[in-house]
Amino acid sequence: MKIIHVSAECYPIAKVGGLADVVGALPKYQNVEGHEASVIMPYYNIPFTQNNAFESVYNGVIKMDQVAYDFEILKPENLQLGFDIYLVKISGVLYKEYVYSRDDVERFMAFQTATLSWLSVQSELPQVVHCHDHHTGLVPFMMQYCYDFKQFKEIPSVLSIHNAQYQGWFSHDKINLIPEFDKEHIGLLDWSGNINPLACAIKCAWRVNTVSPSYMEELKENANHLESLLSHEAPKCIGILNGIDTEVWNPEKDSYLVKNYSLQKATSGKKANKKWLCNTFNLDADKPLFAFIGRLVYEKGSDLFPEAFDQILNNEDVSILLLGSGEQSTEEKLLELKERFKGTFNAFIGYDEKLSHIIYAGADFLLMPSRVEPCGLNQMYSLRYGTIPVVRSIGGLKDTIVDMEDGGFGFTHEDATVDQIVAAVKRACLLYKEQKEFKRIIKHIMQIDHSWNRSAVAYINMYESITN
């Protein structure tokens, strides 16, 4: 089966969040299953594109609102990802120093149009076009109703919703950015008086999936005003839990780690990485180390950290390390906390890929008090590296982490509140004191299979349900 993934992100080329990790792994595992999966994404002016060579495979022209734009399809040279990847370069539109900005309507409209323009001249059309999030949400509509792309009308399209809070809304004033289409179907573009790419994709795609089963159910109750639409389209919707790339996330071979370790050497391996973290960030390696990795935004519950950490550090004998950036007010409060609790709390404001891997390996517990978590990959990475998750039971976290009190291997709490975060940390501290049981849990969680092998097959089954 020939599959093309259309996405704004793909690891290792451009990564803002979990979308990049999914698109950077799923095609590889689909190819392992004997299919032909590839990715097309924008070409940004970012470190990866600046430091790598590309070959040009196609040149074309698109029009948006009567303005012509030259575009080029580029393919990286000497990049072995396990799948082919193509980048759409449109100077002055897509070629920016960032992936996202406040007004990306023209940028991603140009990307989607150029993508279909290029695919339309291929000798063999894809059998499935798989779109990811709102940045590619108008592709299913254009495949069905734009005159220039009528050859795609019988090609199945799939939409994966990684985060339904972001929908790409824009005014009907910009409707001429969309290639000419059958105006009889203009209503498919609209939701609540605006053109809504995510809503349009939910209406037009042949199948819609979320990145965990629980998140699909939660969206019917809370989807940023798309609840009724998702309930109406429920027969074609499914939740498929993401996987992780176990070749990239492998403590035995991870080149970022201070010391690699197997299941049998987990205790010594984790100890070495923890020692490095504690030496680097002035923390006590004899105390349980709690960590957070991620964006400091409301959805992640990070605004609760300053008060929660204050209570924990005043009452528990622990160390806390945070890696992330986001809302300025949260960053400032955490930096104040860093000054008050030297030796027990530290924060790296920003992002560092190597450091994130060492934290997964060296921390004892990973904090994820998310208000919204469509799937979550961090908890799967932490399991793989033997770091016990302390999470809110929502979305993909609910699907992957079972509480210790229920015979499981993690610590969960029902609500995103300071009190419940503090209570979960206290329970985790009690486990840490029982070192024999603590080490048993570490070895257990390292053997849990969250690889893409299982998930890739689920996606193939979904494709086959519409291609057949």
### Task
Determine, for each peptide in 445-454, 428-437, the mean count of other beta carbons within 10 angstrom over its residues, then list the peptides with the highest first.
445-454, 428-437
### Query
Given H placed on each backbone N at 1.01 Å, which residues far from K96 in sequence or on other chains put an amide H within less than 5 Å of it?
N45
### Message
Let me check against my output: what whole-number percent is the relative contact order of the chain, with C-alpha pairs under 8 Å and at least 6 apart?
### Response
12 percent
### Task
Pull up the cross-link candidates among the aspartates and glutamates for K275, meaning alpha carbon to alpha carbon under 16 Å and not fewer than 8 places away within one chain.
D284, D286, D364
### Task
Treating only the Cβ atoms of Lys and Arg (+1) and Asp and Glu (-1) as charged, compute the dipole magnitude of the chain about its Cα centre; round to the nearest 20 debye.
1260 debye
### Task
Calculate, in whole percent, how much of the Cα-Cα pair population of segment 286-355 lies beyond 20 Å.
22 percent
### Message
Could you compute the net charge surrounding V248? Neighbours are other residues with a C-beta less than 11 Å from the C-beta of V248; K and R count +1, D and E count -1.
### Response
-2
### Net dipole in debye of segment 337-468 [+1 Lys, Arg Cβ; -1 Asp, Glu Cβ; about Cα centre; nearest 20]
520 debye
### Message
Number of Lys pairs in segment 1-96 with C-alpha atoms less than 21 angstrom apart, excluding same-chain neighbours closer than eight positions?
### Response
11
### Task
Find the Cα radius of gyration of segment 210-336, compare it with 2.2 N^0.38 Å by division, and give the number to two decimals.
1.42
### Task
Return one quarter of the surface area of the convex hull spanned by the alpha-carbon atoms of segment 132-272, equal to its mean projected area, in nm².
12.1 nm²
### Task
Pull up the cross-link candidates among the aspartates and glutamates for K265, meaning alpha carbon to alpha carbon under 15 Å and not fewer than 8 places away within one chain.
E252, D254
### Dipole of segment 320-436 [Lys/Arg +1, Asp/Glu -1 at C-beta], most positive-end residue of G395, P374, N346
N346
### Message
Compute the angle between helix 353-362 and the longest alpha-carbon principal axis of the chain, please, reported from 0 to 90 degrees and rounded to the nearest 10.
### Response
40 degrees
### Query
So which lysines pass the test for K203, namely a Cα distance under 22 Å, with those fewer than 8 places away in the same chain ruled out?
K150, K153, K174, K183, K220, K236
### Query
Rounded, prolate or oblate: which one fits segment 5-138, using the alpha carbon gyration tensor with axes a ≥ b ≥ c (rounded when a/c is under 1.5, else prolate when a/b beats b/c, else oblate)?
rounded
## Note on the structure
From the Cα centre of segment 260-320 to that of segment 34-96, the distance in Å is 39 Å
### Task
Show that you can apply the helix-only estimate: for the chain, add -39,500 (n - 2.57) for every DSSP H stretch of four or more residues, divide by all residues, and state [θ] at 222 nm to the nearest 500.
-10500 deg cm²/dmol
### Query
Classify segment 149-206: rounded, prolate or oblate, from the alpha-carbon gyration tensor (a ≥ b ≥ c, eigenvalue square roots; a/c under 1.5 rounded; otherwise prolate if a/b is larger than b/c)?
oblate
### Query
Taking the Cα centre of each part, how many Å lie between segment 342-358 and segment 151-168?
36 Å
### Task
May I ask for log10 I(q)/I(0) of the chain at q = 0.06, 0.07, 0.13 Å⁻¹, from a Debye sum over the Cα atoms as equal point scatterers with solvent left out?
-0.27, -0.37, -1.20
## Note on the structure
Taking every alpha carbon pair in segment 223-289 and sorting the distances into 10 angstrom bins from 0 up to the bin holding the longest one, the percent per bin comes out as 17, 27, 18, 12, 22, 4
### Summary
Under the rule rounded for a/c under 1.5, else prolate if a/b exceeds b/c, else oblate, using alpha carbon gyration tensor axes a ≥ b ≥ c, segment 266-449 is classed as rounded
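Only the coordinates and a few stated rules stand behind these numbers; no lab work does. On a predicted model such as this, the values are computed, not experimentally measured, just so you know. Methodologically, a virtual Cβ is constructed for each residue, glycine included, from the backbone with ideal geometry; neighbour enumeration extends over all protein chains shown.
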